[in-house]
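Remarks on the structure that follows.
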Amino acid sequence: MTGITAPKSPVTTAEFADGIREQLKYAQGVTPEQATPADVYVASSLVVRHYLQDAWFKTQQDMINGSTKAVGYLSAEFLIGKQLRNALLNAGMLDQFDEAVESLGFKPQDVVDAEYEPALGNGGLGRLAACFIDSLASLGVPAFGYGIQYKYGIFKQEFDKDGKQVEKPEYWQANEEPWGHVDYNRSQRVNFGGKVVTRPDGSKEWQPEWSVRAVPVDYMVPGYASGRVNTLRLWSARSYDEFDLATFNKSDYLNAVKPQVAAENISKILYPEDSTPQGKALRLEQQYFFVAASIHDAIRVFYPGQDKPDLTTFPDKICFQLNDTHPVIGIPELMRVLIDEYGYTWDVAWDITTRTFNYTCHTLLPEALEVWPAELIGELLPRHLEIIKAINTNFLAELATKTRDKAKINRMRIVTEGDNPQVRMAFLAVAGGSHVNGVAELHSELLKDVTLRDFSDLYGDKFTNVTNGVTPRRFIRLANPRLSALITEGLGTDKWLSDLELLKGLEPLAKDDEFVKKFAAVKQANKVDFANYAKREYGFELDPNTMFNTMVKRLHEYKRQSLKILALIARYADIKSGRLSADDVLPRTVIFGAKSAPGYYLAKMTIQLINNVARVVNNDPDVKGKLSVYFPWNYNVRLAQHLIPATDLDEQISQAGKEASGTGNMKFALNGAMTVGTLDGANVEIRERVGAENFFLFGMTVDEVDKLYEEGYSPAKYYEADPRLKAAIDMVSDGTFSNGDRNTYAPLVADWLTKDWFMTLADFTAYCSIQSDIEALYREPLEWNRKALLNVANSGYFSSDRSIEDYLTRIWHTGPLV
Ligand code: TH1
């Protein structure tokens, strides 16, 4: 695509200010004098919605009346972040908002800060879904995001006095939330339980036992300068049996509201496990709940007013992308609808279904591929279990025509054999859809060669790759206005915001010292801003004249926060013992951000260790000014938007072959940070594009990792071999970071020395030795910034607009509305 210049505002400053006054009066019931920033936030949001409303209508109308196939992105998570500034940017009203708010006597920043972030996702997977719907709308492609409006998003993280993670409920709707429109008139009934009966004509009928009401909550998804507004439809669970009056009259209030509570539980909370599914019944209820509601909704939208529509055209109206295995129950659901409710034959239904669904796999960890006990599915969704079994039987018969390898066929069963059969959702997704994609080149290769090897052998055509991306609107323009202005100055246009490959035009400017200095000044100003923010929000004292070295992501063993913390302890010991003279030490501020799944023991212990290393290091006069460590709690989209533009060095140090893609890596590179990283996930592609000389590579490759596993990995060997590593681990055991208590981290240390699944110890020495390259370059600010600028110039590929273009050509075979 070719870029589009920023949209012309549909509104003047005076009109915006009038709009705010009107909303304050009629929606908020306050005068401008009485209004708080929170009132002005709600009023401003309503004004933006007002101006987007016609485009929203028109987009829906054009989608229904036109012949362009729509995309339904089915995802259990949408980590959308704050809405107001994003909507203002995409609608072209940023300046009008700022000026209008100021004219009313408010500070725009205070108004924006009044918005509470909807944290309806765990991490990368949910944020990717949010970037994708932004790009779909910006490209003008008709699309729905379909998900769940959790009442409680990912928990709010706090640290107790010992530095341990404490989870607090994230009640993000505590204040008025002007973006989600609750549409009671378009609710759907979602059924559960009961039994299956055979009708006299031999057809099947599911007689469910209980049902919940799925109420859509609609969010506008305005495209950047596209004039299009798509819909994010998040379902909220309500009860049909509002209140049992008879019970209530017997003054048994608790029992009277029981059915209501049970129904509403379904959308109450986001499961906080990232990449490690919990086989809980409620989770399956959530999955079926939003997927069933969405499929019925799509039929309602695309065949308005039709009682028995011709659903053989369904795959021409919409295709559903399954965001990981979480919505895969949609495959048997569509089969059930087509066969039991609309009377299609199995073969016709299967043809429609397989043409409707596609599946994105986001992981390689075998334990992350969801598997449900058939028994559980049978209790909750008896008809679906029958259909899944029939899909399995047909699939096995088909396999028999393709191969004689019985063992292979057995490995590919969708429903396993034995006393306690399991349903493998990833396999169901491959069988029941047209395409399967991984999220970075390396990941897609490993999916084909390892995780889904048998499937790629027999169904090679289904497999493809779409490398992840991030939206430049939120993660460059909104997060980093200074860099955005410099890019526009350098390129002489702002079209890069909708054609990010234009950043390539900055490459020649890396030879221009004056431009590089301006680029360095942007980073420095961002660091000062972040230091102020960290002071205000967390009470931290960051020195912006040190290197800001950041590692932010979920806490997971495979991501190897342990590697970072051990190297940091070794560095601390070096300075303290005088092995490194104070003059030789490059001053660094290390910043961590990470949530751990509440039940993930070693991850939580790692958080505790990081906090206590920070406590000890920051209070030690021997290293003052040389090394400091901060761990702002509750890492979220808002913190990311502040921290990423201020980072000099980003850490992407997962064990090779374990991080499917990563998307933080892209955000940092696009904001002019250098990366220290392994050959894993999208790091490989980032390095290819920015140039090996502009990326700090270290560590084992996938092949080396495999080889070491085969030879038999013994972490203790590495502990004995590297005295710095030994010293660092010994300091963790000897109570240095636990007020003398030697037991505090014993399980963590034991794991490092005896298991170390992700080979942290094996990569330690390489990780430490790359640090001298990093520091040598940082001592040459002009050269460092030149390379950082080349990272920006060559990362345009990692726009989620490009990812969506790839989905359009490789998988969805549709395009913008005409
Ligand atoms: C993440 C992957 O770990 C990450 O590498 C990738 O960039 C991101 O998805 C987007 O593609 C995953 N998040 C989850 C979350 C759950 C289950 C599996 C994955 S994989 C709940």
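Of note:
- In the set A27, A17, A70, only one residue is more than 27 Å from the chain's Cα centre (by Cα), buried (at least 19 other Cβ atoms within 10 Å of the Cβ) and assigned by the TED database to the domain that holds W235; that residue is A17.
- A Cβ distance below 9 Å, combined with a sequence gap of six or more or placement on separate chains, defines the contacts here; from region 131-145, residues that are surrounded by fewer than 24 Cβ atoms within 10 Å (Cβ to Cβ) reach residues that are in a helix (DSSP H, G or I) and among the hydroxyl-bearing types (S, T, Y) in the pairs L139/S498; G140/T59.
- Test: residue in region 310-325 that is within 15 Å of the ligand (Cβ to nearest atom), within 23 Å of the chain's Cα centre (by Cα), part of a loop (DSSP other than H, G, I, E, B) and of a type in the set (A, V, I, L, M, F, W, C): no
- Some residue of region 358-367 being of a type in the set (F, W, Y), within 16 Å of the ligand (Cβ to nearest atom), assigned by the TED database to the domain that holds Y288 and not in a loop (DSSP other than H, G, I, E, B): yes
- Positions within region 485-540 being among the hydroxyl-bearing types (S, T, Y) and open to solvent by less than 10 Å² (accessible area, probe 1.4 Å), in sequence order: S498, Y533
- Residue list for region 772-784, filter: open to solvent by 20 Å² or more (accessible area, probe 1.4 Å) and in a helix (DSSP H, G or I): S772, D773, A776, L777, Y778, P781, L782, E783
- Number of residues in region 152-173 that are surrounded by fewer than 20 Cβ atoms within 10 Å (Cβ to Cβ) and in a loop (DSSP other than H, G, I, E, B): the value is 9.
- Matching entry among R477, R482 (being open to solvent by 10 Å² or more (accessible area, probe 1.4 Å), in contact (Cβ under 8 Å) with a residue 40 or more places away in the chain and either within 25 Å of G124 (Cα to Cα) or in contact with a Leu (Cβ under 6 Å, 6 or more places away or on another chain) (or both)): R477
- The set of residues from region 207-240 being charged (D, E, K, R) and free of Cβ contacts under 8 Å to residues at least 40 places away in the same chain comprises E209, D218.
- Residues in region 778-810 that are free of Cβ contacts under 8 Å to residues at least 60 places away in the same chain and assigned by the TED database to the domain that holds P715: E780, E783.
- Failed criterion for I591 (all others in (1) in contact (Cβ under 8 Å) with a residue 40 or more places away in the chain; (2) part of a loop (DSSP other than H, G, I, E, B) hold): (2)
- Odd one out for K667, checked against (1) open to solvent by less than 10 Å² (accessible area, probe 1.4 Å); (2) under 27 Å from T451 (Cβ atoms): (1)
- Looking across region 559-588 at every residue that is β-branched (V, I, T) and surrounded by fewer than 23 Cβ atoms within 10 Å (Cβ to Cβ), the one that is nearest to E167 (Cα to Cα) is identified as I575.
- Every residue from region 106-120 that is open to solvent by 20 Å² or more (accessible area, probe 1.4 Å) and hydrophobic (A, V, I, L, M, F, W, C): F106, A114
- Check on V705, hydrophobic (A, V, I, L, M, F, W, C), touching a Gly at 6+ places or on another chain (Cβ under 8 Å) and either open to solvent by less than 30 Å² (accessible area, probe 1.4 Å) or assigned by the TED database to the domain that holds H556 (or both): yes
Residue-by-condition table, conditions (1) surrounded by 22 or more Cβ atoms within 10 Å (Cβ to Cβ); (2) of a type outside the set (A, V, I, L, M, F, W, C); (3) closer than 22 Å to A76 by Cα:
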site	(1), (2), (3)
H181	no, yes, yes
N185	no, yes, no
P200	no, yes, no
V217	no, no, yes
Y224	yes, yes, no
R233	yes, yes, yes
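- Any helices (runs of 4 or more DSSP H) falling wholly within region 621-717 and containing at least 3 residues that are within 14 Å of the ligand (Cβ to nearest atom): 664-670, 683-690
The values are calculated or read from the model by the stated rules, or taken from the named source; none is laboratory data. Remember, predicted model here, so these are calculated numbers, not experimental data. Here Cβ is always computed from backbone atoms with ideal geometry, including for glycine, and neighbour counts include all displayed protein chains. SASA here: full protein model, heavy atoms, side chains in, ligands and nucleic acids out. Shrake-Rupley method; radii C 1.70, N 1.55, O 1.52, S 1.80 Å.
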